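Have a look at the structure below before the remarks.
The values are calculated or read from the model by the stated rules, or taken from the named source; none is laboratory data. Source: prediction; values computed, not measured. Note that we place each Cβ from the backbone using ideal geometry, even for glycine, and neighbour counts take in every protein chain shown. Quick note on the areas: whole protein, heavy atoms, side chains included, nothing else; ligands and nucleic acids left out. Shrake-Rupley method; radii C 1.70, N 1.55, O 1.52, S 1.80 Å.
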Amino acid sequence: MGAELRRDDMAEAAVKPIRDSVAFRFVEHVLQSVRMDPFLVDPYDMDQYNKMVSTLDTSKKKTPDEEALYVTTLKALSEAVSKIDITYHHLLLNNIFTVRIWYLQRDTLDAFLDLITRLAAVADQYLRECLQMLVNNFTPPLVQRNELPRWAVSRKKDIFFHLCESLKTISDTVPLAPRILRDIIDRSMPKLFDNKAKMVSFVECMLGLDTDRMGDLIGATLLAKVVDLLTELDVNITWEDIIQGEHNKGIFEMELENLDEDEDGLGQAGTKVLFGGNACAEKLDSLMVVVCEHLKSCAERGCLDKEFDILKTIFRASVLRVHRSKFCQFIMFYACSLDPKICGLGFAFFLTDIFLNKEEDPISRMSAVSYVGSYLSRARFISADTVLGILKKLVDWCDEYCVLQNRGTTANPNHQIFYATCQAVMYVLCFRLRSIMDYPNLKAQLFQLSFGFILNHRLEPLKVCLPSIVNEFLRQAKDAGLFAASMYSAAEDAIESDLSRAFGGINRLDTFFPFDPYLLKESDRYIRPNFEFWSMVKTTYNNDKDDDDDELLDLDAPEMNVGSLDDHVEIDINSDDDKLEYSMNKMSITPHRSSYHGMAADGGDAGLSMPARIRPSASPPSRWAMSGSP
């Protein structure tokens, strides 16, 4: 076979078709001749078949002549796929299905993938094996230190394109292919402890399938798998992973918006510095880049709205109730920033609808209102009128809840939701009150809301919500004249009473601010341009911020020791409290300050800066009233 298949003059275009046609007939003859009991096969045909199998072996480097023979054999096999039988040609098929296409030259790659797409179309034969082989090649060959070799990096884009095109061709040819491909991808997804290079390459190639008709068939499944992976990595990053700098320097100072690129080590190195080399943080950081680039590509192709609808469903099912999520939710933030009018508004109303829906479970409603509060505070692309419109919905709900409490007609009162909503409203106004006040028509609408009635209600939300938020809200509200002067005296008494106890008194509200400043350095560039840091906020009481005048200037860098914060999360699962209370405590991802009791003992207020930097919140464990008035 070697002599008959070898071409002496590769440049003779006139000779090539003739020689190839001869080779095709010969390969078909060899395949057919060995389809019988080995003892009955002609020794010459068996020898030629073994040579063919050897030609398909890619474990050894090939000479130019051997490479040309390999290409010709692949083309010949493509024309003879109907003659290939798993019973008699298993060695040949094994050499095909174990190929690492990253090592193939361009002409060889084209010929090989053509063979794979044809094999996949053979009825009830090799579809699963072909799909599995292609998915296996989502991950490039890895070398020392789990890094991609330079040649693989340079070929990655081209390889991914060919893999995706082959999978799309197979899916167009074989109707069953997308369903089987979903199953194969599900089983092949990177695991938590796989190396970063494998994770990033697999996800990057997988998301390349989320286009056109292929995206319509399996796009939702692909995105769901990616979000699940992001979430798993996210919850495995603990606050203890954030290393301490100098003992007298807050770790969060490393994430101020005025970072020096030469000092903080942006990119992968920056993540390693901030998280002490935490592997999950590094993997999540790189994967967030891949997902953000995918969303950016969707926006450029004009299909972001469709992708965002899928993301909302995934977010609702997989992220909204996640315990201790810190970063994965920012894929929603970034998608919204790409299209503020559709996605940005849609997400705000989506969260508000979940909160207002009485059929939703309490944890989902509380999480939704925490999300919408944090989102409206931090998203610079959300207009003041939109903020006010949603605030009105929240305040009206609180007003109705207080009225029902007064009448005693609430069948199943849930004060946690009420307190969480009050805190979300105050938190948003800490960030957005000044911007609303700048528009006379919006200011007039804001002043019509029943803040005084709600905050002075016997449920006493000012005693339950986070004191730092209450203090800042009251300071700005007083300067703006948001409600009657008599209210401030009562409010200040509430805060004083709150602080006189062991930090927070009874029924303290655990807090959840999911869009607090983003700490993953490589992917930070997608979030930062549209993110509102506290030092950017114009308050009602100070037009021009002054370091010496505003004690809350550095709200995004509170003084707190996070070296062992998880040790201070105390949840007594054996207490008599309701299961819902325990679940809600788990929902909080807040690091709890180690200095609470010391602060209470000293009577100081050094720990009461606005929680805004990394913390979705800062609060001690609490017991909330499950029903009735506190």
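Of note:
- Heavy-atom accessible area for Tyr401, with the other protein chains in place and a 1.4 Å probe, reaches approximately 20 Å².
- Viscosity 1.306 mPa s, temperature 10 °C, Stokes-Einstein D of the stretch 78-156 from Kirkwood C-alpha radius, µm²/s: 115
- Each 10 Å bin from zero holds the following percent of Cα-Cα pairs in the stretch 20-179: 10, 38, 35, 14, 3, 0.
- Each of Cys303 and Asn406 was given a label point 7 Å from its Cα along the Cα-to-Cβ line. The distance between the two points is 5.4 nm.
- For the stretch 340-447, alpha-carbon Rg over 2.2 N^0.38 Å: 1.07
- Accessible surface, per residue, of the stretch 339-493 when the full set of protein chains is kept, probe 1.4 Å, Å²: 36
- Where Tyr49, Tyr103 fall by accessible area, highest first, once all protein chains stay in place (1.4 Å): Tyr103, Tyr49
- Of the solvent-accessible surface of the stretch 406-482, computed with a 1.4 Å probe over protein heavy atoms with every protein chain present, carbon and sulfur atoms account for 47 percent.
- Cα-projected label distance for Leu40 with Asp479, points at 7 Å along beta-carbon direction, nm: 9.5
- Residue order for Ser318, Ser166 - accessible surface, 1.4 angstrom probe, largest first: Ser318, Ser166
- Surface accessible to a 1.4 Å probe, per residue, for the residues of the stretch 67-137, Å²: 39
- Extension gain (nm, one decimal) between Lys60 and Arg525, 0.36 nm per residue minus Cα-Cα: 163.0 nm
- With every protein chain in place and a 1.4 angstrom probe, the accessible-area ranking of Arg301, Arg100, largest first, reads Arg301, Arg100.
- Note on the stretch 140-220: Cα-Cα pairs beyond 14 Å make up 66% of the total pair count.
- Measuring against 19 Å, Cα to Cα, the residue pairs Lys225/Lys341; Lys463/Lys538; Lys156/Lys196; Lys392/Lys538; Lys478/Lys538; Lys306/Lys341 contain Lys225/Lys341; Lys463/Lys538; Lys392/Lys538 as the ones spanning a longer distance.
- FRET efficiency estimate (nearest 0.05) - Cβ-Cβ, Ala317 to Ser82, R0 45 angstrom: 0.50
- Eligible lysines near Lys157 by straight Cα distance, threshold 16 Å, same-chain separation 8 or greater: Lys198
- Accessible surface of the stretch 112-204, 1.4 Å probe, proportion on carbon and sulfur as whole %: 51
- Listed by chain and number, the lysines whose alpha-carbon sits under 27 Å from that of Lys51, ignoring those within fewer than 8 places in the same chain, are Lys16, Lys60, Lys61, Lys62, Lys75, Lys83.
- Here the gap between Phe97 and Glu147, fully extended at 0.36 nm per residue and compared with their Cα-Cα distance, gives a gain of 15.5 nm.
- Net charge of Cβ neighbours under 14 Å - reference Leu56; Lys, Arg +1; Asp, Glu -1: +2
- Under 12 Å, Cβ to Cβ, from Ser435 - net charge with Lys/Arg +1 and Asp/Glu -1: +2
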